[in-house]
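These notes concern the structure reproduced below.
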Amino acid sequence: MQTKVPHPLDIEEFKAMLKRQKLKATPQRLAVHEAMTSLEHASADMVAQHIGNNSSVAVTVASVYNILTSLADLGIYTRRMSSNNKMYFDVNNFIHAHLYDTVNNSYKNILDEELTALVSEKLSRKKFKGFKVDGIDIQILCHPTRRGRKSSKTE
């Protein structure tokens, strides 16, 4: 039996989500979402650059950051803080783990239901005095190997 792979919201699902939140599907929001769908994990600078290179929509980095932040506040995206103190956003708001490249400050998805289920199940039985678990965020810190550095240049 094949498991359905989760995916980011397509543009119609995104528009419907905005409508449910009583937000307009402005050209800027749509451009940000289209960029995020392509990039998956990105900072406001990266999204603004992608929009500048691939869209006719004019948007500042500050506006992109505000849009990304508001979409993260609504749960459409999630936030990821990198080790270089830069905020990255993740278009995939479903449960998954990440490989975080500490050299290049980049993220790769790990879609492993068994891993996330194992961690969730284990933590559901744990009590942390004075704390309530809000969620689980698995992030594996890594750096490129020589082979990985060569292959990442061709991607």
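Quick one: how many residues across the range 30-65 are open to solvent by 40 Å² or more (accessible area, probe 1.4 Å) and within 28 Å of A97 (Cβ to Cβ)? Steps first, answer last, please.
Going through the range 30-65, the residues open to solvent by 40 Å² or more (accessible area, probe 1.4 Å) turn out to be 34, 37-40, 45-46, 49-50, 52-56, 58, 60-63, 65.
With the extra rule that they be within 28 Å of A97 (Cβ to Cβ), the set shrinks to 34, 37-40, 45-46, 49-50, 65.
Qualifying residue count for the region: 10.
All of (1) surrounded by 14 or more Cβ atoms within 10 Å (Cβ to Cβ); (2) at pLDDT below 90; (3) within 30 Å of P27 (Cα to Cα) hold for F94 with one exception: (1). Set side by side, the residues Y77, Y88 differ, and just one is touching a Lys or Arg at 6+ places or on another chain (Cβ under 7 Å), of a type in the set (S, T, Y), at pLDDT 90 or above and open to solvent by less than 70 Å² (accessible area, probe 1.4 Å), which is Y88. Note on the range 130-147: residues that are open to solvent by 100 Å² or more (accessible area, probe 1.4 Å) and acidic (D, E) amount to 1.
Screening K108, K150 for residues that are open to solvent by 100 Å² or more (accessible area, probe 1.4 Å) and at pLDDT below 90 leaves exactly one candidate, K150. Screening N109 on (1) assigned to a helix (DSSP H, G or I); (2) within 30 Å of R20 (Cβ to Cβ) shows it passes everything except condition (1).
Counting the residues of the range 11-63 that are within 20 Å of the chain's Cα centre (by Cα) and on the phi > 0 side of the Ramachandran plot gives 1.
Identify all residues within the range 90-109 that are of a type in the set (A, V, I, L, M, F, W, C) and in contact with a helix residue (DSSP H, G or I) (Cβ under 9 Å, 6 or more places away or on another chain); write none if there are none. Even if it seems obvious, please write down each step before you answer.
If we filter the range 90-109 for residues that are of a type in the set (A, V, I, L, M, F, W, C), which is where we start, we get 91, 94-95, 97, 99, 103.
V91, I95, A97, V103 - these are the residues of the range 90-109 that are of a type in the set (A, V, I, L, M, F, W, C) and in contact with a helix residue (DSSP H, G or I) (Cβ under 9 Å, 6 or more places away or on another chain).
The number of residues in the range 83-97 that are out of contact with any Asp or Glu (no Cβ under 8 Å at 6 or more places or on another chain) and either assigned to a strand (DSSP E or B) or on the phi > 0 side of the Ramachandran plot (or both) comes to 4. Set side by side, the residues A58, A31 differ, and just one is farther than 19 Å from F94 by Cα and modelled with pLDDT of 95 or more, which is A31.
Just checking, which of I67, I136, I76 is of a type in the set (V, I, T) and outside any loop (DSSP other than H, G, I, E, B)?
On the way: I136 fails: outside any loop (DSSP other than H, G, I, E, B); I76 fails: outside any loop (DSSP other than H, G, I, E, B).
Of the residues listed, the single one that is of a type in the set (V, I, T) and outside any loop (DSSP other than H, G, I, E, B) is I67.
The values are calculated or read from the model by the stated rules, or taken from the named source; none is laboratory data. Every value quoted in this text rests on a predicted model; they were computed, and no experiment measured them. Neighbour counts run over all protein chains shown; Cβ positions are idealised from the backbone, glycine included. Ligands, DNA and RNA are excluded from the accessible area calculation, which covers all protein heavy atoms including side chains. Shrake-Rupley method; radii C 1.70, N 1.55, O 1.52, S 1.80 Å.
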